[in-house]
1. Out of (1) within 15 Å of Ser506 (Cα to Cα); (2) touching a strand residue (DSSP E or B) at 6+ places or on another chain (Cβ under 7 Å); (3) open to solvent by 40 Å² or more (accessible area, probe 1.4 Å), the odd one out for Leu455 is which?
2. Within the stretch 168-181, which residues are in a loop (DSSP other than H, G, I, E, B) and closer than 19 Å to Thr218 by Cα?
3. Output the number of residues of the stretch 429-452 satisfying the condition of being hydrophobic (A, V, I, L, M, F, W, C) and open to solvent by 20 Å² or more (accessible area, probe 1.4 Å).
4. Only residues that are surrounded by 17 or more Cβ atoms within 10 Å (Cβ to Cβ) and in a helix (DSSP H, G or I): list them for the stretch 239-255, please.
5. Among the numbered criteria (1) touching a Ser or Thr at 6+ places or on another chain (Cβ under 8 Å); (2) farther than 25 Å from Ile75 by Cβ; (3) in contact (Cβ under 8 Å) with a residue 24 or more places away in the chain; (4) not charged (D, E, K, R), which single criterion is violated by Asn294?
6. Would you mention how many residues in the stretch 197-219 are in contact with a Leu (Cβ under 9 Å, 6 or more places away or on another chain) and open to solvent by 20 Å² or more (accessible area, probe 1.4 Å)?
7. Just to verify a result, which residue in the stretch 156-167, among those that are without any contact (Cβ under 8 Å) to a residue 24 or more places away in the chain and outside any strand (DSSP E or B), is nearest to the chain's Cα centre (by Cα)?
8. Quick one: count up the residues across the stretch 320-361 that are polar (S, T, N, Q) and within 17 Å of the chain's Cα centre (by Cα).
Amino acid sequence: MKQIKIILLAILLSLSLTGCSKNKEEKIEIIDDNYRNVYEIFVASFKDSDGDRIGDLNGVTEELDYIQDMGYTAIWFMPIHPSPSYHKYDVTDYYDIDSSFGTLEDFDKLITEAHKRDIHIILDLVVNHTSSSHPWFVDAKKAYLSGQHSDYVDWYNFSTSAKSGFTKISEGKYYEARFVDSMPDLNLDNEEVRNEIRNIMQFWIERGVDGFRLDATTSYYTGDNAANTEFLKWINDTAKELKEDCYIVGEAWTDDNTITGYYDSGVDSFFHFSMSQSEGTIVKTLKVSAPSSNFKNALQKALSITKGHIPAIFLDNHDVNRIAGGIGRSQRERIKFAYGLAGMFNGCVYTYYGTEIGMVGSGKDENKRIAMLWDSEDESTLCKNPSGATSADYVYEGVKQQQADADSILNYHKAINRLRNKYPQIARGEMNFLTAQTSQYVLSVEKSWEDTTILIVINFNEEESESVDLSELEYKSMEYVSAYNEEATFKDGELILPAYTIAVLSK
């Protein structure tokens, strides 16, 4: 009898957990292209597998089922190469894994397991600069100071005169380092450097990498957008020669007009910084008097910027304040709805690890890269925070607790990702706005892709339900995600959406 009771309890617990997502058992086929729900990971703070409290690749592999279950279909790794810094953006070996993160064999295993789950892998490609500890620069600097020959001298930008962005080595001798002294800029006009970058991409593509995130693209040739665009074209063309569908996304922290020009390079995506953060277009939509028209303009603008390429939409990342703090720590429904809006854009939507549970972090970069909270009741699952972090508080509960809460931020993110995966029109479709069904608080937009059309209806009203008459249209079924976890209805052509609710209708 005792054993039967235990089995019944286990069944009830299982039902209570799966009840968080009505469609948990539904199998959704992931389209094999570069329109993805991307999950950004800082490995050191994500998941530790060997007890040293430093996140590692095997820890990520252990959580691939979680990432897949959440509906993420790609992972972008911040740099994982050997480096003297905690952030790894100053690389000393582009052909290896930092020992604190694991080995190449660990990476190969991660790639294999990720691909089994239809998850793409995107690596940070940091080629604006290396570490000052990189053997290339060590050799180049020594030769430059001594007057001896070294091919590596021409791999960097040395000068006999002081210039903006250059660091003094000795009297009358300088090298370019636009960020900090420990990050000397590479000479990207040097054909040997370009050949080396090609070899680096080929090395990782042959190991199964699906794409690259390009760091600091506006600093390749500081102040020269034309040269930056030319170099971006070379990288993109080279990557696609090595792998036809290699996905390239660039970090161009600049204005939209400049980004539009950078798309002439052919690069697939650039991050839309103007849409992101607490003062970006998405969050501002929650505060304006006419949110539906404001969001309509944002959807259109994202496509106009890209010139037919793939928008890269995000709310926060490792360089900016986490969005939950920017919106307001207590504003749980606004935090949820902001991601819902991001998820309705065409293109890729990027989630920074921990954003799906409402993690906060601002100020110093280290504060934005604190440990992922897996279990609020078990501190042993926490990685060490980066040295120098001055704040590491958690407003909301951890993954384990939020998985069991149907109304959690985590389950909201999961539901939005599921819509994007089930309805490929959301990320890929041609838009048609239905003005008759649009009001101050309601936006209705059709998205068509491959002879199929869906209708997305959004209620921006934070407090009240909105009724939408769809009786003259042919939509028959409806799915929805509500920030307040309230029920939407669709009957006899009338759609009633609770506050902060997004519905997707199909024929």
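The values are calculated or read from the model by the stated rules, or taken from the named source; none is laboratory data. The structure displayed is predicted, hence computed values, not measured ones. Reconstructed Cβ throughout: ideal geometry from the backbone, glycine too, with neighbour counts over all protein chains shown. When the accessible area is computed, the model is the full protein with side chains, heavy atoms only, and any ligands, DNA or RNA have been set aside. Shrake-Rupley method; radii C 1.70, N 1.55, O 1.52, S 1.80 Å.
1. Unmet condition: (3).
2. As a first pass, look at the stretch 168-181 and keep what is in a loop (DSSP other than H, G, I, E, B): 171-172, 177-181.
Scanning the stretch 168-181 gives Ala177, Arg178, Phe179, Val180, Asp181.
3. Narrowing the stretch 429-452 to residues hydrophobic (A, V, I, L, M, F, W, C): 431, 433-434, 436, 442-443, 445, 449.
So of that shortlist, the ones also open to solvent by 20 Å² or more (accessible area, probe 1.4 Å) come out as 431, 433-434, 436, 449.
Residues flagged as hydrophobic (A, V, I, L, M, F, W, C) and open to solvent by 20 Å² or more (accessible area, probe 1.4 Å) within the stretch 429-452 amount to 5.
4. Ala239
5. So the condition that Asn294 fails would be (3).
6. 5
7. Narrowing the stretch 156-167 to residues without any contact (Cβ under 8 Å) to a residue 24 or more places away in the chain: 158-164, 166-167.
If we keep only those that are outside any strand (DSSP E or B) too, we end up with 160-164.
Working: Thr160: 41, Ser161: 40, Ala162: 38, Lys163: 35, Ser164: 32 Å.
Checking each candidate, the answer is Ser164.
8. The first filter runs over the stretch 320-361 and keeps only residues polar (S, T, N, Q), leaving 321, 330-331, 346, 351, 355.
Restricting the remaining residues to those that are within 17 Å of the chain's Cα centre (by Cα) gives 321, 346, 351, 355.
Of the residues in the stretch 320-361, 4 are polar (S, T, N, Q) and within 17 Å of the chain's Cα centre (by Cα).
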